[in-house]
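Working notes, structure below.
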Amino acid sequence: MSSSTTTPPNAEDIVASPAVDGDLNAEMRRAAKPFSRTTVVLAGLVVLAVAFGGGVWTHAAFGSSAPSTPTRQAGGAQGGQQAGAGQQGGGFRGGRGTTGTVDRVDGTTVYVKTAQGTDVKVSTSDSTTIGVTQQGQLSDLKPGATVVVQGQAGSDGTVTAQAITQEAAR
C-alpha cells in the first residue's frame, strides 16, 4: 500500500515559479479597474440622493416661509389680469398694492388697515374699478370689509388705485 503525501512547496519553488499563469497585461488591466460598473452606478445614485436631501434641507432652512396662495381675477375692466391676495406690496401692472380691511370711505379716498395694523390712504379716480364679487361702486365698500387694492404707491404713501376688490365675507 502506498500513500500519496503532498509536501508543501518550499520558498525557492515559490520564487522560481511564474507569478501569473496567463497574459500579464490582461491581469494588470483587470487589477487596474477597482470598481465594477454596478458599484459606479450605485455610487452615482447615492450622490444624487445626498444632493436631493441637501436641496430639501436648504429649502426648508432658507426657503420662503409664506404659503403660496392661488391668484384671483380682478373685477371689472381689469377682468383678464390677476392679483395676488394676502401680501402687502403685491404686484399689478408693475405697481404695488395693499391688502387689508376698509377702515372708512371718505369721498373718493378709502382708508385701509393692513394686517400689520398700519393705515394706508388709498386715492381713487373714475378709472378705478371696484369689484365686490361682481362689478361694484365706491359706495359698495363698507368698513370692516377685506379688500385688495392694486395700484402705485406715491412718495407720501398714498396708493393710487387701479382696482379695488372686496373679498367675500367669511
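The values are calculated or read from the model by the stated rules, or taken from the named source; none is laboratory data. Worth saying up front: this structure is predicted, and the values here are computed from it rather than measured. Using ideal geometry, Cβ is built from the backbone for each residue, glycine included, and neighbour counts are taken over all protein chains shown. Surface accessibility is based on the protein's heavy atoms, side chains included, excluding ligands, DNA and RNA. Shrake-Rupley method; radii C 1.70, N 1.55, O 1.52, S 1.80 Å.
Note on region 45-145: enclosed strands (runs of 3 or more DSSP E) holding 3 or more residues that are open to solvent by less than 60 Å² (accessible area, probe 1.4 Å) and either closer than 15 Å to THR165 by Cα or at pLDDT 85 or above (or both) are 95-106, 109-114, 119-123, 129-132. Identify, please: which residue in region 1-40 is among the aliphatic types (A, V, I, L, M) and in a loop (DSSP other than H, G, I, E, B) and is, among those, surrounded by the fewest Cβ atoms within 10 Å (Cβ to Cβ)? It comes out as MET1.
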